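What follows is a set of notes on a single structure, which appears directly below.
The values are calculated or read from the model by the stated rules, or taken from the named source; none is laboratory data. All values reported here derive from a predicted model rather than from experimental measurement. Using ideal geometry, Cβ is built from the backbone for each residue, glycine included, and neighbour counts are taken over all protein chains shown.
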Amino acid sequence: MAKVNYEVGKRTPEPSRAGAEDKSATGVLDQEAPEAIDPETLHQENEAVKKAQKSRLEEIDRDTLVSLYHQMLLVRRFEEKSAEAYSSGKIGGFCHLYIGQEAVAIGAISAIRKDDYVLCSYREHAHAIAKGMSPESVMAELYGKAGGCSKGKGGSMHMFDKEVNFLGGHGIVGGQIPLATGVAFASKYKETDQVTLCFFGEAAVNQGAFHESLNMAQLWKLPCIYICENNQYGMGTSLARAMSSQDISQKACAYDIAAEFVDGMDVLAVREATLRAVERARKEYLPTLLEVRTYRFMGHSMSDPGNYRTRAEIERHQERDPIKLFAASLKEQGVLSDTEFQQIEAEVKEQIEQAVLFAEQSPLPAPEELFTDVYANPIKPGKQ
Amino acid sequence: MAVVTMREALNQALREEMLRDENVFLMGEEVAAYEGAYKVTKDLLAELGDKRVIDTPITELGFAGLGVGAAMVGLRPIVEFMTFNFSILATDQIINSAAKMLYMSGGQFKIPIVFRGPGGSAFQVSSQHSQAIESWFAYFPGLKVVMPSTPADAKGLLKSAIRDDDPVIFIEQERMYGNKGEVPDDIDFIVPLGVADVKREGKDATIVARSLMVPVALKAAEILEKQGVSCEVIDPRTIRPLDLDTIIESVKKTNRVVVAEESHPFCGVGAEIASEITERAFDYLDAPVKRVSAADVPMPYAKNLEDLAVPGVEQIVAAVREVAYL
């Protein structure tokens, strides 16, 4: 068998709760998603995360830690507000919320530079904000307003901002994976050291686009980091019902790509794994696959009936809420005091209020916008 | 002016544009070491190197999407499909990504990419390798669709397509690569997109033909001339955007139209042209617009059946006589 870069980074050989003490793999779930969990095991899992975070906390400067917490809280509150606005009819169409998965986008994007690239699926509000887009422009896009980041033409699934190299929300499952591979190809072609983060859900792994892209990325040594946010459900179909072999990080073997399995409820674990992948990409033009195990607390979209999983299952995962876990670590280590937590909450509330105010006040796109941006070089046919 | 084949004319366009702009690169199956399944990319690897001329695995969706991603950040990819039959695997990236990116990003991300390769009927390769699918691509706003019929047009239009900032579907005709014609030597020679060409002037009937049907229509026009019917042959060259003004102008003069195409009739480009003529020039028509299309069946292998499936000179002659009430 050809060499496999498995020695790179850490990865649990057998996903199980027994690996909770491992830095990058804690709290892995069973395939069948059990109804309940005994409090003792849960306690052990969370203690393991806190233990792992404690050692990491000491290596990271306070500003970064506070910023990570602030951003996680910001995108949580942003999504809560989005749900509210959707329910009151201010937001239309599809609206896929990120609640529960915050540690993934915030942790990973904190590991890259401003001039690096990010591409996502349609569940990308948090990634957009993490990459540096204003909550105002994202909320206004959700409202379908002219002040939105895509001028109201993209909506929830198609956030873009060229200024911060946020290259979209893409609506076809797995569609962004070849695109991100191409962005990484361009970085190598132009001989820059920019890297590309490509986020997608675990359901996209069953698409040909995933496999075709990983093959090309390793064949041509492209600086793309594939981040599979394994929230364990493709819409209402559980991973166990959709994937014959559910160890996603192991699929990198087929393409001789370095892979890591990461606890997606631990923002620092995600950040660290991404930093390792970024270094490989920047210095050696090498791709990486990260399988980040997480959980979506809300439905697939706002119209999810929720009948495919139990309340107990959701509650069990909510016990491992990435924001609560991180807050507990920050508090225990004395990084933030109760007063400071309250201050951050107040700042976030203010940011969300401003975002909503901006979206409310932003004008609708002008009717003539219907026909703009179809072509970059519009051609009036016929002899001129 | 030198007389060259369509294949050589396309090769010249690729070479000249790649030398002109280092952000232009070419990728596809067998384009480099093999020099192209149809030898359109001959000598390019040797001249430009493997950074610019890239052999891909057989992974059409993957490399089409990779091209679109590269175009988002400033490169100008030319993606060759060995034939457009294989582009069917890549349609998600062409339609959902390339065609719509500029619009859904509110004008932020243009996609300057050319998807090119042979399409249309080929010789005895049966149903999956012999078909005209331009109407699929022409359907979508955001794409431009080009189909040349002469070596000069092929070169000039391909150069324009590569310089264009939008995704361009450039369909060459598999049977026409060896066709010869005069091509201007001037390195700055281009043919603008969106401009039809009157390939033959006439006064009694208009034949609108594209790609392989242009030489067939010109032959039919010669025969009809001898029968006393003067035909004007118009080649739109660009299917989207379509130069309807040139077609309508001709219809107003001749009052009779035949649209010849080697694609299926249902929901085809010919149906669109017929509809536009009806809307814009109904009062000028002396007869209903007549279409000559491929048989509405998958392409058969047997030579005699294949010949029956692809429209030929006789059908066009008969159609013109029909609209002329002869």
message: Quick check on the range B:68-105: of everything there that is facing chain A (nearest Cβ under 10 Å) and over 28 Å from A:Gly152 (Cβ atoms), which residue is surrounded by the most Cβ atoms within 10 Å (Cβ to Cβ)?
response: B:Pro77
- prompt: Would you pick out the residues in the range A:134-169 that are at the interface with chain B (Cβ under 7 Å from one of its Cβ atoms) and within 23 Å of B:Thr91 (Cα to Cα)?
  reply: A:Lys153, A:Gly154, A:His158, A:Phe160, A:Leu167, A:Gly168
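Out of B:Pro118, B:Pro148, I need the residue that is outside the structural domain of B:Pro298 (by TED's automatic domain parsing), touching a helix residue (DSSP H, G or I) at 6+ places or on another chain (Cβ under 6 Å), in a loop (DSSP other than H, G, I, E, B) and touching a residue at least 60 places away in the same chain (Cβ under 8 Å). Which one?
Numbers: B:Pro118 fails: in a loop (DSSP other than H, G, I, E, B).
Unique residue meeting the criteria: B:Pro148.
Quick check on my filter: what residues within the range A:340-376 are outside any helix (DSSP H, G or I), more than 28 Å from the chain's Cα centre (by Cα) and surrounded by 13 or more Cβ atoms within 10 Å (Cβ to Cβ)?
Step one: of the range A:340-376, the residues outside any helix (DSSP H, G or I) are A:362-366, A:372-376.
So of that shortlist, the ones also more than 28 Å from the chain's Cα centre (by Cα) come out as A:363-366, A:372-376.
Selection gives A:Pro365, A:Thr372, A:Asp373, A:Val374, A:Tyr375, A:Ala376.
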- prompt: If you take the residues of the range B:106-136 that are within 14 Å of the chain's Cα centre (by Cα) and over 30 Å from A:Lys153 (Cβ atoms), which of them is farthest from the other protein chains (Cβ to nearest Cβ)?
  reply: B:Ser121
- line: When (1) within 24 Å of B:Met27 (Cα to Cα); (2) in contact (Cβ under 8 Å) with a residue 60 or more places away in the chain; (3) not in a loop (DSSP other than H, G, I, E, B) are applied to B:Val208, the one that fails is (1)
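Looking at the range B:11-30, which of its residues are among the small types (Gly, Ala, Ser) and over 19 Å from B:Ala71 (Cα atoms)?
At the first step, the residues of the range B:11-30 found to be among the small types (Gly, Ala, Ser) are B:13, B:28.
Listed by number, the list holds a single entry, B:Ala13.
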- request: Taking the options A:Ala252, A:Ala209, A:Ala204, name whichever one is in contact (Cβ under 8 Å) with a residue 24 or more places away in the chain and either part of a strand (DSSP E or B) or at the interface with chain B (Cβ under 10 Å from one of its Cβ atoms) (or both).
  value: A:Ala209
task: Please specify each residue of the range B:164-213 satisfying the condition of being more than 30 Å from B:Gly312 (Cβ to Cβ) and touching a Leu at 6+ places or on another chain (Cβ under 7 Å).
output: B:Asp164, B:Pro167
Hits in the range A:172-186 - residues which are more than 7 Å from every other protein chain (Cβ to nearest Cβ) and either within 14 Å of the chain's Cα centre (by Cα) or free of Cβ contacts under 8 Å to residues at least 60 places away in the same chain (or both): A:Gly174, A:Gln176, A:Ile177
message: Could you check the range B:16-41 and list, in sequence order, the residues that are free of Cβ contacts under 8 Å to residues at least 40 places away in the same chain, crowded, with 17+ Cβ neighbours inside 10 Å and away from chain A (no Cβ under 14 Å)?
response: B:Glu35, B:Thr41
task: Would you mind stating whether A:Gly100 is more than 22 Å from A:Val195 (Cα to Cα), more than 14 Å from chain B (Cβ to nearest Cβ) and not acidic (Asp, Glu)?
output: yes
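This table checks each residue for (1) in contact with a helix residue (DSSP H, G or I) (Cβ under 7 Å, 6 or more places away or on another chain); (2) within 25 Å of A:Glu315 (Cβ to Cβ); (3) crowded, with 21+ Cβ neighbours inside 10 Å; (4) modelled with pLDDT of 95 or more.
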| residue | (1), (2), (3), (4) |
| --- | --- |
| A:Gly27 | yes, yes, yes, no |
| A:Asp38 | no, yes, no, no |
| A:Arg56 | yes, no, no, no |
| A:Leu65 | yes, no, yes, yes |
| A:Tyr69 | yes, yes, yes, yes |
| A:Arg77 | yes, yes, no, yes |
| A:Glu84 | no, yes, no, yes |
- request: Answer yes or no: is there a residue in the range B:45-62 that is surrounded by fewer than 20 Cβ atoms within 10 Å (Cβ to Cβ), touching a residue at least 24 places away in the same chain (Cβ under 8 Å) and away from every other protein chain (no Cβ under 14 Å).
  value: yes
- request: Report yes if B:Asp92 is assigned to a helix (DSSP H, G or I) and closer than 22 Å to A:Gly169 by Cβ, otherwise no.
  value: yes
query: Within the range B:221-244, restricting attention to residues that are touching a Gly at 6+ places or on another chain (Cβ under 9 Å) and more than 14 Å from chain A (Cβ to nearest Cβ), which residue is surrounded by the most Cβ atoms within 10 Å (Cβ to Cβ)?
result: B:Val233
message: So B:Phe189 passes all but one of these: (1) among the hydrophobic types (A, V, I, L, M, F, W, C); (2) in a loop (DSSP other than H, G, I, E, B); (3) within 25 Å of B:Phe137 (Cα to Cα). Which condition number does it fail?
response: (3)
